[in-house]
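Engineer: Quick one: this structure, given as structure tokens, is what I'll be asking you about.
The values are calculated or read from the model by the stated rules, or taken from the named source; none is laboratory data. All figures in this text were calculated on a predicted structure; none of them were measured in a lab. Cβ: placed from backbone, ideal geometry, glycine included. Neighbour counts: every protein chain shown. Surface areas here come from the heavy atoms of the whole protein model, side chains and all, with no ligands, DNA or RNA. Shrake-Rupley method; radii C 1.70, N 1.55, O 1.52, S 1.80 Å.
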Amino acid sequence: EVSVSELGLGYESDETVLFRYCSGTCDAAVRSYDLSLKSMRSKKRIKKEKVRARPCCRPLAYDDDVSFLDAYNRYYTVNELSAKECGCV
């Protein structure tokens, strides 16, 4: 649980929300694309690009939207905030 203010979305609110996130390695999901990209980077064929040569763990689905009141009694709803399902992409 974190306060809405701690989320870093620009809202001032002491209300708390449940923030679920994804983490972990995705070595089992490496595909031909990832292997080729890694090879191109090591051969300096791709320069000054900040690309990842392996899949990463990201949300595949999200929990329901989160609604809250801010410090000024304004009502907000934020969607796609808390991970419901994670996977390698």
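Engineer: So which residues in the stretch 1-60 are part of a loop (DSSP other than H, G, I, E, B) and acidic (Asp, Glu), if there are any at all?
Structural biologist: Those that are part of a loop (DSSP other than H, G, I, E, B) and acidic (Asp, Glu): 1, 12, 14, 15, 49.
Engineer: Test each condition in (1) of a type outside the set (Lys, Arg); (2) open to solvent by 100 Å² or more (accessible area, probe 1.4 Å); (3) more than 30 Å from residue 3 (Cβ to Cβ) for residue 64 and report the one that comes out false.
Structural biologist: Answer for residue 64: the failing condition is (3).
Engineer: Moving on. Identify all residues within the stretch 74-89 that are over 15 Å from residue 10 (Cα atoms) and either hydrophobic (A, V, I, L, M, F, W, C) or more than 24 Å from the chain's Cα centre (by Cα) (or both); write none if there are none.
Structural biologist: Those that are over 15 Å from residue 10 (Cα atoms) and either hydrophobic (A, V, I, L, M, F, W, C) or more than 24 Å from the chain's Cα centre (by Cα) (or both): 83, 86, 88, 89.
Engineer: A follow-up question, please. What single numbered condition from (1) assigned to a loop (DSSP other than H, G, I, E, B); (2) at pLDDT below 85 fails to hold for residue 64?
Structural biologist: Among (1) assigned to a loop (DSSP other than H, G, I, E, B); (2) at pLDDT below 85, residue 64 violates only (2).
Engineer: Looking at (1) farther than 20 Å from residue 89 by Cα; (2) free of Cβ contacts under 8 Å to residues at least 12 places away in the same chain; (3) open to solvent by 90 Å² or more (accessible area, probe 1.4 Å), can you tell me which one residue 33 breaks?
Structural biologist: That leaves (1) as the condition not met.
Engineer: Shifting gears a bit: In this structure, is residue 89 at pLDDT 90 or above, of a type outside the set (S, T, N, Q) and touching a strand residue (DSSP E or B) at 6+ places or on another chain (Cβ under 8 Å)?
Structural biologist: Spelling it out, it is not the case that residue 89 is at pLDDT 90 or above, of a type outside the set (S, T, N, Q) and touching a strand residue (DSSP E or B) at 6+ places or on another chain (Cβ under 8 Å).
Yes/no per residue for (1) surrounded by 12 or more Cβ atoms within 10 Å (Cβ to Cβ); (2) on the phi < 0 side of the Ramachandran plot; (3) free of Cβ contacts under 8 Å to residues at least 40 places away in the same chain:
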site	(1), (2), (3)
8	no, no, yes
16	yes, yes, yes
68	yes, yes, no
74	no, yes, yes
78	yes, yes, no
86	yes, yes, no
